[in-house]
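The values are calculated or read from the model by the stated rules, or taken from the named source; none is laboratory data. Remember, predicted model here, so these are calculated numbers, not experimental data. When we count neighbours, we look across all protein chains shown, and the Cβ atoms used for this are built from the backbone with ideal geometry, even at glycine.
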Amino acid sequence: MMQRGRAVVVAIILAASLAGCVSYSQNMHRMQRLAMTGQPEQALHALEAAGLKHDEQLLYWLNKGLLLRQNEDYAASIEAFEKAKVLLRRLEAISVTGATGSVTISETVSDYTGQAYERIMLHVYQALNYLALNNREAARVEALQIDLLLRRLYPQTQTLPHGGDVIGRYLAGLIFEANGEADQALVSYRYALQTYSAQGWAVPRDLQQRLLRLSRTLGLDAEYSQLQQRFSLPQTALKLGGNTGQAVVILSAGLVPHRIGVSSVSQDLTTGRFYRISLPKLIPYPRTLQRAWLSTQQQQVTVEPVMALNPIAQQTLADQIPAMTLRAIARMVVKEAAADAVAREHGAGAASLVNFLGVIAEQADTRQWGLLPAHVYLAALHLPAGEHDITLTIKTAHGLVNKEFKNVIVTANDITFLSQRIY
Amino acid sequence: MRNLLVLTSAALLLALTACATQVERVAPDTVRDLSGSWNDTDSRLVAEEMIADVLSRPWLESYVRQHGGQAPVVIVGDVRNLSHEHINTRTFISDMERALINSGRVQFVAADAVREQIRDERADQDLNASSETRNAMGQELGADFMLVGTINTIIDAEGDEAVKFYQVDLKLISMADNRIVWLGQKKIKKFVEHNSLRW
């Protein structure tokens, strides 16, 4: 009687874990489609309709935050992201049931705890929310929280593996610069430069100019000479007029790679049992943006790529595959033992059912913050103080799209932040 | 099977009970630290202590003596949040304003946000109120001193442990000649340890 009950419980758990996994992917696709076609409100409805599942709470708040942001409801987006932050702190603790479930039942039984680069992007978008509301002080708090997170999680290097923190450091530098804290800004820009160099990525010209300008302003002659030797920028690129301010546009484009499960199934011909290993794989979406530039009536500047999330996501996943494979093998062993136990008590038929459910439940964890962009770009216009109309022109495979920023107020020696999302 | 059913029912009942929201009313001055971040207790304690300090210093007696016994007029300006946390400085400013007013030793005038509302009301009265009852423009009491400050943090954190050091710096500045007549500082240090395991 006890053994039959055990078999029933195992079957229910396996079936339940299967049901949860399928619905997340479907919901994510629907939300992405609606967001991509410029319908963030409908995407929000789809998110709410899917409901708040216990193990996907973090993804719910992260996606909600981005959709509200796309809908320009910055206050509500801030609230959603703050909930995500509180949840992240709690999820840092290792879950006993989650850890047990991931080596016995399925990878998706445990709560989604977020990738390190997703945590940085959370602070990046929260900072952009505050900047949209002209709350420099709160944006500065986000910049400090990025630094604190990196110091806490990676005390030796204070950088993420594979460069996932670069946009966080870059934006933090801009925020400090906007707050008149040249020294703090330089520290952040140095970290960003360190990451570009370590990853072998091209250093954005904008960052080169900022590093040179700030090192010169702060009287760091040796550093200035070193940087000037490295970047070889003309002096005119560093000169700013007395009554000049900056308009900086941060452009988020595309979507992070699509995360799918790839399964390998084999059968033991002697027992007839099936064995399945399913691991996630990232499939990049085609790149849509070909070129983009910022312009006013007097000047034009091309946007530069400052971060590509595709390689970061790929390398992060590659780091995790060995552990995922080990857990998959452990689950196979546990499920095999369960099937053996059921076979002894109830015969081969019942054991086959348990084996079948175990195979079906063996799903790759395809959860991720799927609304993140694939690329982040940046451009800065140096403009005389006053009101300006700025145009962001985006060239994609489908043609040219213009986004107008009307009546942008630029203040001398200050930075005005603008942001845009395209798919 | 029956034992399994009984166990499952008991577990479900326990889970449902745990899911229900529980509310316990507490006194506003109850100290309860949950996350280790800046909270209402920090705001209240710092405000009370620093206002008590500023009112006990020589600048107050000196002013009263020089101005024929008249109490100085104080306004609370900006308290900048330079910390790692989103701190609601408005509640902190309110706590300081309350402590100042309730001391009875200074006169207190409204800060900029409220002033604008009052000026709008006066402008409206100028147009719409009777001459006997309207409050004229240009009769505001000017502040003699402005209280401004910053909240800073130094955080040392690794893994689940953090030492949080808050430093609140306030200064009282003379509106007449920019002299800083008082500098106050309050430090709070917390050791925060998060759970490394959860159920």
**Q.** Which listed residue is closer than 25 Å to A:ILE329 by Cα, modelled with pLDDT under 90, buried (at least 20 other Cβ atoms within 10 Å of the Cβ) and not aromatic (Phe, Trp, Tyr), from A:THR97, A:THR104, A:THR108
**A.** A:THR108
Q) Quick one: how many residues across segment A:167-191 are closer than 25 Å to A:ALA253 by Cα and in a loop (DSSP other than H, G, I, E, B)? A) 0
Q: Go through segment A:154-202 and give me each residue that's within 14 Å of chain B (Cβ to nearest Cβ), within 21 Å of the chain's Cα centre (by Cα) and of a type in the set (S, T, N, Q).
A: A:THR157, A:GLN158
Q.
Cβ contacts < 6 Å: first residue surrounded by fewer than 24 Cβ atoms within 10 Å (Cβ to Cβ), restricted to segment A:157-179; second residue among the acidic types (Asp, Glu) and not in a helix (DSSP H, G or I), any location; separation 6+ or different chain. Result?
A. A:THR159/A:ASP165
(Q) Please go through segment A:372-423 and give me each residue that is of a type in the set (Gly, Ala, Ser) and assigned to a strand (DSSP E or B), ordered by number. (A) A:ALA379, A:ALA380, A:GLY386, A:GLY399, A:SER419
(Q) For segment B:47-75, give me the residue count where each residue is surrounded by fewer than 11 Cβ atoms within 10 Å (Cβ to Cβ) and in contact with a Gly (Cβ under 7 Å, 6 or more places away or on another chain). (A) 0
**Q.** Filter result for B:GLU132 (outside any helix (DSSP H, G or I), modelled with pLDDT under 90 and away from every other protein chain (no Cβ under 14 Å))
**A.** yes
Q: Could you list all residues from segment A:335-347 that are in contact (Cβ under 8 Å) with a residue 40 or more places away in the chain and exposed (fewer than 15 other Cβ atoms within 10 Å of the Cβ)?
A: A:GLU345
Q: May I ask you to list pairs of residues, at least six apart or on different chains, whose Cβ atoms are under 9 Å apart, with the first in segment A:118-142 being more than 10 Å from every other protein chain (Cβ to nearest Cβ) and the second being assigned to a loop (DSSP other than H, G, I, E, B) and of a type in the set (Asp, Glu)?
A: A:ILE120/A:ASP165; A:ALA132/A:GLU72
Q) Just checking, how many residues over segment A:51-66 are modelled with pLDDT under 90 and crowded, with 19+ Cβ neighbours inside 10 Å? A) 2
(Q) Can you confirm whether A:PRO257 is in contact with a strand residue (DSSP E or B) (Cβ under 6 Å, 6 or more places away or on another chain), touching a residue at least 24 places away in the same chain (Cβ under 8 Å) and closer than 30 Å to A:HIS29 by Cα? (A) yes
(Q) When the residues of segment B:123-163 are narrowed to those that are among the polar types (S, T, N, Q) and free of Cβ contacts under 8 Å to residues at least 12 places away in the same chain, which ends up nearest to A:TYR154 (Cα to Cα)? (A) B:GLN139
Q. Among the residues of segment B:164-179, is there at least one that is within 14 Å of chain A (Cβ to nearest Cβ), in contact (Cβ under 8 Å) with a residue 60 or more places away in the chain, assigned to a strand (DSSP E or B) and touching a Phe, Trp or Tyr at 6+ places or on another chain (Cβ under 7 Å)?
A. yes
Q: Among the residues of segment B:135-162, write down those that are more than 24 Å from B:THR91 (Cα to Cα) and within 14 Å of another protein chain (Cβ to nearest Cβ).
A: B:ASP156, B:ALA157, B:GLU158, B:GLY159, B:ASP160, B:GLU161, B:ALA162
Q) Taking segment A:309-326 as the search range and keeping residues that are among the small types (Gly, Ala, Ser) and surrounded by fewer than 18 Cβ atoms within 10 Å (Cβ to Cβ), which one is nearest to A:GLY254 (Cα to Cα)? A) A:ALA318
Q. Are there any pairs, at least 6 apart or on different chains, whose C-beta atoms fall under 8 Å, with the first in segment B:74-93 and within 14 Å of chain A (Cβ to nearest Cβ) and the second in a loop (DSSP other than H, G, I, E, B) and buried (at least 21 other Cβ atoms within 10 Å of the Cβ), and if so, which?
A. B:ASN81/B:ILE87; B:SER83/B:TRP38; B:GLU85/B:TRP38; B:ILE87/B:TRP38
Q.
Given (1) in contact with a helix residue (DSSP H, G or I) (Cβ under 8 Å, 6 or more places away or on another chain); (2) assigned to a strand (DSSP E or B), identify the lone condition not met by A:ALA198.
A. (2)
Q: Mind listing whichever residues of segment A:238-288 are farther than 30 Å from A:ARG216 by Cα, outside any strand (DSSP E or B) and more than 27 Å from the chain's Cα centre (by Cα)?
A: A:ASP268, A:LEU269, A:THR270, A:THR271, A:GLY272, A:ARG273
Q) Within segment A:397-420, is even one residue under 31 Å from the mean Cα position of the chain (by Cα), modelled with pLDDT under 90 and farther than 22 Å from A:ASN71 by Cα? A) yes
(Q) I'd like to check something: does segment A:203-216 contain any residue that is more than 14 Å from chain B (Cβ to nearest Cβ), in contact with a strand residue (DSSP E or B) (Cβ under 7 Å, 6 or more places away or on another chain) and outside any helix (DSSP H, G or I)? (A) yes
Q | Filter pass, A:ALA143 being of a type in the set (Gly, Ala, Ser) and more than 25 Å from A:PRO384 (Cα to Cα) | A | yes
